[in-house]
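Enquirer: Structure provided below as structure tokens; questions to follow.
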Number of protein chains: 2
Amino acid sequence: MIKHALPVTREADFSAWYQSVISEADLAEESGVRGCMVIRPWGYGIWERIQRLLDDRIKATGHENCYFPLFIPLSYFEKEADHVEGFAKEMAVVTHHRLVSDGKGGLMPDPTAKLEEPLVVRPTSETVIGAAFARWVQSWRDLPVLINQWANVVRWEMRTRMFLRTSEFLWQEGHTAHATAEEAREETLKMLEVYRSFAEDCLALPVVAGEKPENERFPGAVSTYSIEAMMQDGKALQAGTSHFLGTNFAQAQDIKFQNSEGVFELANTTSWGVSTRMIGGVIMVHGDDDGLRVPPRIAPWQVVIVPMLRDQPEDAVVVDYCKALQAELAQQSALGEPVRALLDLKFGKAATKRWGWVKKGAPIVIEVGGRDVAGGNVSVIRRDRLYRADGKLDSAVVAKGDFVGAVSATLSEIQASLHSEARARLEASIVPGADFAALETHFAEGVKNPGWLEVQWSKPTGEALDGVVERLKKLKLTIRNAPMTQAAIDGPCVFTGEPAVERVLIGRSY
Amino acid sequence: MIKHALPVTREADFSAWYQSVISEADLAEESGVRGCMVIRPWGYGIWERIQRLLDDRIKATGHENCYFPLFIPLSYFEKEADHVEGFAKEMAVVTHHRLVSDGKGGLMPDPTAKLEEPLVVRPTSETVIGAAFARWVQSWRDLPVLINQWANVVRWEMRTRMFLRTSEFLWQEGHTAHATAEEAREETLKMLEVYRSFAEDCLALPVVAGEKPENERFPGAVSTYSIEAMMQDGKALQAGTSHFLGTNFAQAQDIKFQNSEGVFELANTTSWGVSTRMIGGVIMVHGDDDGLRVPPRIAPWQVVIVPMLRDQPEDAVVVDYCKALQAELAQQSALGEPVRALLDLKFGKAATKRWGWVKKGAPIVIEVGGRDVAGGNVSVIRRDRLYRADGKLDSAVVAKGDFVGAVSATLSEIQASLHSEARARLEASIVPGADFAALETHFAEGVKNPGWLEVQWSKPTGEALDGVVERLKKLKLTIRNAPMTQAAIDGPCVFTGEPAVERVLIGRSY
């Protein structure tokens, strides 16, 4: 039996396994500040790769980056009732602008420096960006406004979990204003598609894009769309959302323009975002019992070279050989960019370093010892297939030139293999459910890894929907989304027995 | 006489001119939130270029990026007395984590959701990062720790000015821990040099690197170094700082390691940062009466193509010609990167668009009309030399192929010309001062643009230094720094008459 690198397996305790990946792969740690984490270099490096690749796509679709204030006056929130209702319970509020001694050797907020109007630390920026849109938009000629910002936001969460739900998190939030509802809806779906293709192509994360049910809409939105990814425990992770806001925020914030006939109209707005939560998804989709496996496109280092040194003069030859290898790799391109190769010269034993990089999930780990140098070889470990059939670590001795020549193809192969493995799992784990009884059986207590059920429903609204939500809640289930790609309807609504109008995915979630 | 594009000249009112550049070049605007600004796409695009170029240099010197919490518990600040003394007066404090209705149709912080320990919105992160260092550092093998973060910080400023002094600003803050004081001092100076060369090479900003006097040190630092740039009104702008913190923070936060003999020692730490303030420096060094001039290396768009359209079928030919030009330019490299060329197809008159880009400071603006297409030409405006000797706009008709072939050289030339113009101004504006009377004369009221005086001093400390600072304050002067490159001492201290030990620069400042 293989002795895996993590202290706990996915099978034994998925939640403990998740925490152990984060800790063993040096992705992040508790900060000592309630609900906030420290994102360590390997975790942040993945986020930087995500930022770079997604930012390119956001810009390629015509959006420009800006930066808006962290603080939002209370009065801004008072304007959109649904919006404030959705966020009021979890807002961090700044009330003072100075500290003074508390007379007991400590500090306290200075009572004489109380803000006239308290400021909220942004939980999302529709209100403050909408106020800017109202300034910027006068005429139809000023539309569309297409902007995005990369920022930190704060939602005071009671129960936190690293990457998935933290009081502060990093994200991008796109905000746009358009002359017509049709154009704004188009934008909403365009960005949903940007997220879908980004998740699939860059994160190797298979997702289902679809519309969220009414009860799961963003506070203040007319419709909300999401991409949903399936974790290895069968739960769903909402990995990105795109909202059509109609004229709700424009009404609240007075975003008006004169159309070509000189008549004033309200603009239609959208917003859309993804966050560091995506990294949680990457962990739970690609991780295994030896740690994380990072898809090459988002790996801070795609190839890590570990020299096997013996504290002897010959070491210099090994290090030189490794340096030459690193330089040759940097000349290669893979997946559209120069190969990112690191030579790990930090203090430590080669075997410890090797396993460190396996746990971190570097796509390729190269070991080089005196014998490899003598033979002109390298020892290659591929993170997507770590073990041979006999359970031994699959470290292949390859001629250095052959390895370098093939590195581009190998990285593409790893990217594709992680994706196809995850896609096969997703597809196998979505099954149709004919009636509510099927739901109850499928998600009965004790059933391991039930995945999602696809059911047909009549899309009830209001109280009828509330009833459905309640019934599902008893099974700890939620409606994830109604996929954009829909098979034909061939049965009644599993909840009401009425004629069904669409298919929705139902599952447990993070 | 030239009719310039801005409503006010530098000569007439430098401060109003500065605000007009920010507004006319669409760099930033007031946000409606006290002391916070909105950074608009052109301003943020410059910041993104700064980030990219500086980040490469920070990484090339072995630092890795991380992310630490926005919020810092009060207790973290209580540990380092000088540090808290320096920042307590300007801290935004979070005291509540929920809003409720105030019963009058508005919202208020929920009295039942008061934080047990108030949280400070980070003004700088020594304390929270030091706490992480204390966890990470156990043995000499864990050192050095070399990290950096790109983040927003908040210092509650009473008088704010866009880019120069805002309550919230964006910056990078590097933090490192070392086994010895010598190594930490080396790091401090290494990063000072990274800032100096970055400012000169990328921002075309000539600066003087040197050590700040004791009274200007970062709260908690043993020594503070800065780069000082000279604005066109002769005032100094501190554009970046690097601090040697000794064991002050390590002591307060218990950053200890076991040395190779097994003995526990305190680590020596450093910190260093530059911020969006740099953009204020770029404006006040390179701007002219027609707006901003952005050095090509940090210009979001280096070449902007403005088609001259007439709402006629022939327009399509002009647009196609422009598209081909844009594609050809994207194939060229300049200053080590692919040329960034924009085709401006937004609604509007060509002349308005041209002047818009002149005010924004795009290095090269190309106009293309039907006649240019027929002749295979383009009309070229270089932002670094906008007017001919006769005061007319210098728009040169050039064969398209010639322009494309020379674009790399032209952009290098513009980068160099902005730099040499600013460098000549800096050098001409630093003059030696033999005694205090020289200072009084040089900086007498009514003297326009006095620049800086270089004086020799005995480097007094404590009360003696306080006296010097007071005397200077009466003249609205501060000691900027003691330049790293020092000419030999050849006179007494201008303040005390005692033997001088070094030369310092004295001036007014932002």
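The values are calculated or read from the model by the stated rules, or taken from the named source; none is laboratory data. Just so you know, these numbers come straight off a predicted model, no measurement behind them. Glycine gets a Cβ as well: all are built from the backbone with ideal geometry, and neighbour counts include every protein chain shown.
Enquirer: If you check A:M91 against the conditions, is it surrounded by 24 or more Cβ atoms within 10 Å (Cβ to Cβ) and assigned by TED's automatic domain parsing to the domain that holds A:N268? Break it down into steps so the answer makes sense when it comes.
Expert: Values: surrounded by 24 or more Cβ atoms within 10 Å (Cβ to Cβ): yes; assigned by TED's automatic domain parsing to the domain that holds A:N268: yes.
Here the answer is yes, as A:M91 does meet what is asked.
Enquirer: Then there is this: Could you pull out the residue among A:T485, A:T441 that is among the β-branched types (V, I, T), over 21 Å from A:A229 (Cβ atoms) and out of contact with any His (no Cβ under 6 Å at 6 or more places or on another chain)? Show your work before the answer.
Expert: Values: A:T485 fails: over 21 Å from A:A229 (Cβ atoms).
Going through A:T485, A:T441 in turn, just one is among the β-branched types (V, I, T), over 21 Å from A:A229 (Cβ atoms) and out of contact with any His (no Cβ under 6 Å at 6 or more places or on another chain): A:T441.
Enquirer: Give the residue, chosen from B:S271, B:S223, that is of a type in the set (G, A, S), under 24 Å from B:T461 (Cβ atoms), at pLDDT 95 or above and surrounded by fewer than 24 Cβ atoms within 10 Å (Cβ to Cβ). If you could, list the steps in order and put the result at the bottom.
Expert: On the way: B:S271 fails: surrounded by fewer than 24 Cβ atoms within 10 Å (Cβ to Cβ).
The match here is B:S223.
Enquirer: Looking at A:A199, is it buried (at least 20 other Cβ atoms within 10 Å of the Cβ), under 21 Å from the mean Cα position of the chain (by Cα) and either on the phi > 0 side of the Ramachandran plot or of a type in the set (A, V, I, L, M, F, W, C) (or both)?
Expert: The answer is yes for A:A199.
Enquirer: Another question, then. What about A:E427, is it within 23 Å of the chain's Cα centre (by Cα) and surrounded by 15 or more Cβ atoms within 10 Å (Cβ to Cβ)? Outline the logic, then answer.
Expert: Values: within 23 Å of the chain's Cα centre (by Cα): yes; surrounded by 15 or more Cβ atoms within 10 Å (Cβ to Cβ): no.
So A:E427 does not fit the description; no.
Enquirer: From the list A:I50, A:I39, which residue is within 11 Å of chain B (Cβ to nearest Cβ) and either in contact with a Pro (Cβ under 6 Å, 6 or more places away or on another chain) or within 19 Å of A:E168 (Cα to Cα) (or both)?
Expert: Numbers: A:I50 fails: within 11 Å of chain B (Cβ to nearest Cβ).
Only one candidate qualifies: A:I39.
Enquirer: Pairs only if they're at least six apart or on different chains, beta carbon under 6 angstrom, first in the range A:430-457 and more than 18 Å from A:P206 (Cα to Cα) and modelled with pLDDT under 95, second of a type in the set (K, R) and part of a helix (DSSP H, G or I); list them, first residue then second.
Expert: none
Enquirer: Give the range A:199-231 a look and list any residue that's assigned to a helix (DSSP H, G or I) and more than 28 Å from A:P450 (Cβ to Cβ), or say none.
Expert: Within the range A:199-231, the first condition is being assigned to a helix (DSSP H, G or I), and the residues that meet it are A:199-201, A:214-216.
Correct list: A:D201 only.
Enquirer: Within the range B:11-25, track down each residue that is surrounded by 19 or more Cβ atoms within 10 Å (Cβ to Cβ), farther than 14 Å from B:D290 by Cβ and without any contact (Cβ under 8 Å) to a residue 24 or more places away in the chain.
Expert: Of everything in the range B:11-25, nothing turns out to be surrounded by 19 or more Cβ atoms within 10 Å (Cβ to Cβ), farther than 14 Å from B:D290 by Cβ and without any contact (Cβ under 8 Å) to a residue 24 or more places away in the chain.
Enquirer: If I go through the range A:26-38 residue by residue, how many of them are crowded, with 17+ Cβ neighbours inside 10 Å, outside any loop (DSSP other than H, G, I, E, B) and not hydrophobic (A, V, I, L, M, F, W, C)?
Expert: So the count comes out to 1.
Enquirer: Which number in (1) β-branched (V, I, T); (2) facing chain B (nearest Cβ under 9 Å); (3) farther than 23 Å from A:C66 by Cβ marks the one condition that A:V128 misses?
Expert: Tallying (1) β-branched (V, I, T); (2) facing chain B (nearest Cβ under 9 Å); (3) farther than 23 Å from A:C66 by Cβ, A:V128 fails exactly one: (3).
Enquirer: Only one of (1) assigned by TED's automatic domain parsing to the domain that holds A:V501; (2) on the phi < 0 side of the Ramachandran plot; (3) polar (S, T, N, Q) fails for A:S408. Which number is that?
Expert: Among (1) assigned by TED's automatic domain parsing to the domain that holds A:V501; (2) on the phi < 0 side of the Ramachandran plot; (3) polar (S, T, N, Q), A:S408 violates only (1).
Enquirer: Scan the range B:393-405 and give yes if some residue there is under 30 Å from A:L146 (Cα atoms), β-branched (V, I, T) and modelled with pLDDT of 95 or more, otherwise no. I'd like the intermediate steps shown before the answer.
Expert: Here is the first cut: in the range B:393-405, the residues under 30 Å from A:L146 (Cα atoms) are none.
Looking for residues that are under 30 Å from A:L146 (Cα atoms), β-branched (V, I, T) and modelled with pLDDT of 95 or more, one finds none in the range B:393-405, hence no.
Enquirer: Restricting to the range B:338-382, count the residues that are within 23 Å of B:V8 (Cβ to Cβ) and in contact with a strand residue (DSSP E or B) (Cβ under 7 Å, 6 or more places away or on another chain).
Expert: The number of residues fulfilling the criteria is 10.
Enquirer: Looking at A:V494, is it touching a residue at least 24 places away in the same chain (Cβ under 8 Å), in contact with a Pro (Cβ under 8 Å, 6 or more places away or on another chain), farther than 30 Å from A:A334 by Cβ and not in a helix (DSSP H, G or I)? So that I can check it myself, show each step before the final result.
Expert: Working: touching a residue at least 24 places away in the same chain (Cβ under 8 Å): yes; in contact with a Pro (Cβ under 8 Å, 6 or more places away or on another chain): no; farther than 30 Å from A:A334 by Cβ: yes; not in a helix (DSSP H, G or I): yes.
Considered against the rule, which asks whether it is touching a residue at least 24 places away in the same chain (Cβ under 8 Å), in contact with a Pro (Cβ under 8 Å, 6 or more places away or on another chain), farther than 30 Å from A:A334 by Cβ and not in a helix (DSSP H, G or I), A:V494 comes out as no.
Enquirer: Report the residue count in the range A:186-243 for those that are touching a Pro at 6+ places or on another chain (Cβ under 8 Å) and farther than 30 Å from A:D13 by Cα.
Expert: 2
Enquirer: Could you check A:R52 against (1) surrounded by 21 or more Cβ atoms within 10 Å (Cβ to Cβ); (2) part of a helix (DSSP H, G or I) and say which number it fails?
Expert: So A:R52 meets the others, but not (1).
Enquirer: Sort through A:R155, A:R141 and tell me the only one that's surrounded by fewer than 23 Cβ atoms within 10 Å (Cβ to Cβ) and closer than 30 Å to A:S15 by Cβ. Steps first, please.
Expert: Numbers: A:R141 fails: closer than 30 Å to A:S15 by Cβ.
Being surrounded by fewer than 23 Cβ atoms within 10 Å (Cβ to Cβ) and closer than 30 Å to A:S15 by Cβ holds for just one of A:R155, A:R141, which is A:R155.
Enquirer: Is it the case, given these coordinates, that A:D254 is surrounded by fewer than 22 Cβ atoms within 10 Å (Cβ to Cβ) and under 23 Å from A:R161 (Cα atoms)?
Expert: On the way: surrounded by fewer than 22 Cβ atoms within 10 Å (Cβ to Cβ): yes; under 23 Å from A:R161 (Cα atoms): no.
In short, no.
Enquirer: Then there's this: Which of the residues belonging to the range A:382-434 are of a type in the set (D, E) and more than 12 Å from A:P363 (Cβ to Cβ)?
Expert: So the first thing to find is which residues in the range A:382-434 are of a type in the set (D, E), and the list is A:384, A:390, A:394, A:402, A:413, A:421, A:427.
Within the range A:382-434, A:D390, A:D394, A:D402, A:E421, A:E427 meet the criteria.
Enquirer: What about B:L329, is it over 28 Å from the mean Cα position of the chain (by Cα), hydrophobic (A, V, I, L, M, F, W, C) and under 20 Å from A:R141 (Cα atoms)?
Expert: no
Enquirer: Of everything in the range B:92-142 that's outside any strand (DSSP E or B) and among the hydroxyl-bearing types (S, T, Y), which residue is nearest to the chain's Cα centre (by Cα)? So that I can check it myself, show each step before the final result.
Expert: Filtering the range B:92-142 down to residues outside any strand (DSSP E or B) leaves B:92, B:97-98, B:102-106, B:110-113, B:122-138, B:140-142.
After this cut, where a residue has to be among the hydroxyl-bearing types (S, T, Y) as well, the list is B:112, B:124-125, B:127.
Values: B:T112: 43, B:T124: 16, B:S125: 19, B:T127: 24 Å.
Selected residue: B:T124.
Enquirer: Going through B:A374, B:A334, B:A351, B:A362 one at a time, which residue ends up being more than 16 Å from B:C322 (Cα to Cα) and either surrounded by fewer than 17 Cβ atoms within 10 Å (Cβ to Cβ) or within 14 Å of chain A (Cβ to nearest Cβ) (or both)?
Expert: Numbers: B:A374 fails: more than 16 Å from B:C322 (Cα to Cα); B:A334 fails: either surrounded by fewer than 17 Cβ atoms within 10 Å (Cβ to Cβ) or within 14 Å of chain A (Cβ to nearest Cβ) (or both); B:A362 fails: either surrounded by fewer than 17 Cβ atoms within 10 Å (Cβ to Cβ) or within 14 Å of chain A (Cβ to nearest Cβ) (or both).
Only one candidate qualifies: B:A351.
Enquirer: So, one more: Any idea which of (1) buried (at least 19 other Cβ atoms within 10 Å of the Cβ); (2) within 29 Å of the chain's Cα centre (by Cα) is the one A:C493 doesn't satisfy?
Expert: The one condition A:C493 does not meet is (2).
Enquirer: I'm told A:P144 meets every condition in (1) over 18 Å from A:Q258 (Cβ atoms); (2) more than 9 Å from chain B (Cβ to nearest Cβ) except one. Can you identify the failing condition by its number?
Expert: (1)
Yes or no, residue by residue, for (1) touching a residue at least 24 places away in the same chain (Cβ under 8 Å); (2) closer than 12 Å to B:D289 by Cβ; (3) of a type in the set (S, T, N, Q):
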site: B:M1; (1), (2), (3): yes, yes, no
site: B:G32; (1), (2), (3): no, no, no
site: B:C36; (1), (2), (3): yes, no, no
site: B:G45; (1), (2), (3): yes, no, no
site: B:R52; (1), (2), (3): no, no, no
site: B:I58; (1), (2), (3): yes, no, no
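Enquirer: While we're here: Going residue by residue through the range A:160-172, is there one that turns out to be touching a strand residue (DSSP E or B) at 6+ places or on another chain (Cβ under 7 Å) and either at pLDDT below 95 or more than 30 Å from B:K114 (Cα to Cα) (or both)?
Expert: Taking every residue of the range A:160-172 in turn, none turns out to be touching a strand residue (DSSP E or B) at 6+ places or on another chain (Cβ under 7 Å) and either at pLDDT below 95 or more than 30 Å from B:K114 (Cα to Cα) (or both).
Enquirer: Would you confirm whether or not the range A:92-115 contains a residue that is of a type in the set (V, I, T) and more than 8 Å from every other protein chain (Cβ to nearest Cβ)? Break it down stepwise before answering.
Expert: Restricting attention to the range A:92-115, the residues satisfying the condition of being of a type in the set (V, I, T) are A:93-95, A:100, A:112.
If we keep only those that are more than 8 Å from every other protein chain (Cβ to nearest Cβ) as well, we get A:112.
Scanning the range A:92-115, I find at least one residue that is of a type in the set (V, I, T) and more than 8 Å from every other protein chain (Cβ to nearest Cβ), so the answer is yes.
Enquirer: A:F436 - would you say it is under 21 Å from A:K323 (Cα atoms), not assigned by TED's automatic domain parsing to the domain that holds A:M231 and not acidic (D, E)?
Expert: Working: under 21 Å from A:K323 (Cα atoms): no; not assigned by TED's automatic domain parsing to the domain that holds A:M231: yes; not acidic (D, E): yes.
The answer is no for A:F436.
Enquirer: Suppose we keep only residues that are in a helix (DSSP H, G or I) and of a type in the set (D, E) within the range A:62-91. Which one would you say is nearest to the other protein chains (Cβ to nearest Cβ)?
Expert: Restricting to residues being in a helix (DSSP H, G or I) and of a type in the set (D, E), the top hit is A:E90.
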